[in-house]
Ligand SMILES: Nc1ncnc2c1ncn2[C@@H]1O[C@H](COP(=O)(O)OP(=O)(O)OP(=O)(O)O)[C@@H](O)[C@H]1O
Ligand SMILES: [Mg+2]
């Protein structure tokens with residue numbers, strides 16, 4: 001898809017004895033939306049700040065819009081965005097904030113009205129920004145980034161604090177920019193945002209890339225998932241599950257620690273093919289399957305697995321049923 005907007009190779013950045021980025025490689029193509037995810041402190045803001053020229057790598061290669069960037073080599077024109085929230089003057093109105101930016105950077109006044117319209121802030125354009133909600137400030141920050149028709153848009157948690165309507169609007173704006181050929185790199189803690197927006201995703205953990213590639217491939221990294229299975233007869237479904245290879249029963253009727261299980265529901269663990277086999281066997285015995293849903297969504301499960309956490313129904317049950325969890329811990333036995 002088009003040319004490469006960002007090429008990062010082996011980037012390292014230390015802050016004292018904290019290694020914020022430890023040999024990071026990333027590619028972002030023109031016309032794509034690339035998501036950056038990872039736990040708090042993973043290095044996302046540090047990396048995005050470098051793309052905006054706010055800091056420089058200690059070592060490694062950084063190429064932006066075809067140009068090498070470094071301590072004495074500035075980020076080229078055509079890059080816009082923000083990290084750690086947009087910088088705005090609270091006493092000025094939204095329109096005046098954007099006009100002062102446009103003047104400062106030499107953009108036409110008409111670009112201000114375009115940008116306000118794109119993010120849906122025309123109606124409140126003459127209100128002081130000090131009275132704006134977090135979501136409105138986020139949208140204004142996006143408008144500020146759009147002023148100079150950027151070719152690379154760098155946004156640190158742009159959907160943070162947005163209500164569902166605001167989020168849809170921001171998604172629409174980002175989606176249409178990408179369609180027009182703009183490269184977008186965004187960070188988010190929300191897997192549903194990434195699923196709605198991104199074609200590719202990079203997962204950072206403690207300064208290292210633990211996954212980079214198409215979003216669909218990340219979901220496949222989740223491995224065996226826990227599914228809640230509701231049928232017309234939970235006890236019989238459990239018997240069938242016990243005889244199906246590749247399936248383990250996490251909780252079910254008559255078992256302790258099963259906050260998600262009931263007379264009709266059991267929680268089973270296995271791969272997608274094993275789950276297919278189980279369903280066809282259950283249906284084959286004459287039972288009706290009413291629901292089969294992952295206990296943790298696949299993207300979130302992959303995130304947790306790749307960053308060294310667990311996401312299984314036993315944990316969910318622990319959280320939901322602390323008393324049972326204590327008993328399980330005390331005997332040293334967990335149902336797996
Ligand atoms: N200016 C700085 N001085 C010292 N340490 C810093 C500085 N900036 C970042 N760090 C450290 O570098 C690491 C990465 O921080 P960064 O802000 O990039 O993480 P993040 O992935 O954006 O986290 P979050 O999800 O919380 O926003 C952290 O350990 C942080 O404390
Ligand atoms: Mg951050």
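The values are calculated or read from the model by the stated rules, or taken from the named source; none is laboratory data. If you're wondering where the values come from, they're calculated on a predicted model, not measured in any experiment. As a convention, Cβ positions derive from the backbone with ideal geometry for all residues, glycine included, and neighbour counts pool all protein chains shown.
Side notes on the structure shown:
- Test: residue in segment 185-193 that is more than 16 Å from ligand 2 (Cβ to nearest atom) and assigned by TED's automatic domain parsing to the domain that holds residue 11: yes
- Residue satisfying all of: in segment 43-65; within 22 Å of residue 105 (Cα to Cα) and more than 16 Å from ligand 2 (Cβ to nearest atom); surrounded by the most Cβ atoms within 10 Å (Cβ to Cβ) among these: 64
- Top-ranked residue in segment 21-41 [being surrounded by fewer than 23 Cβ atoms within 10 Å (Cβ to Cβ) and not in a strand (DSSP E or B); ranked as nearest to the chain's Cα centre (by Cα)]: 39
- Residue check, residue 81 within 12 Å of ligand 1 (Cβ to nearest atom), assigned by TED's automatic domain parsing to the domain that holds residue 115, within 19 Å of the chain's Cα centre (by Cα) and closer than 25 Å to residue 173 by Cα: no
- Condition check for residue 125: surrounded by 14 or more Cβ atoms within 10 Å (Cβ to Cβ) and assigned by TED's automatic domain parsing to the domain that holds residue 183: yes
- Segment 139-163, residues that are in contact with a strand residue (DSSP E or B) (Cβ under 9 Å, 6 or more places away or on another chain), at negative phi and either within 16 Å of ligand 2 (Cβ to nearest atom) or not assigned by TED's automatic domain parsing to the domain that holds residue 84 (or both): 141, 154, 155, 156, 158, 159
- Flag for residue 199 being within 30 Å of residue 274 (Cβ to Cβ) and away from ligand 1 (no atom under 16 Å from the Cβ): yes
- Residue 114 vs. criteria surrounded by fewer than 18 Cβ atoms within 10 Å (Cβ to Cβ) and more than 25 Å from residue 45 (Cα to Cα): yes
- Total residues in segment 42-78 satisfying the condition of being outside any loop (DSSP other than H, G, I, E, B) and within 15 Å of ligand 1 (Cβ to nearest atom): the figure is 8.
- Look at (1) in contact with a helix residue (DSSP H, G or I) (Cβ under 9 Å, 6 or more places away or on another chain); (2) at pLDDT below 95 and you find that residue 31 fails only one, number (2).
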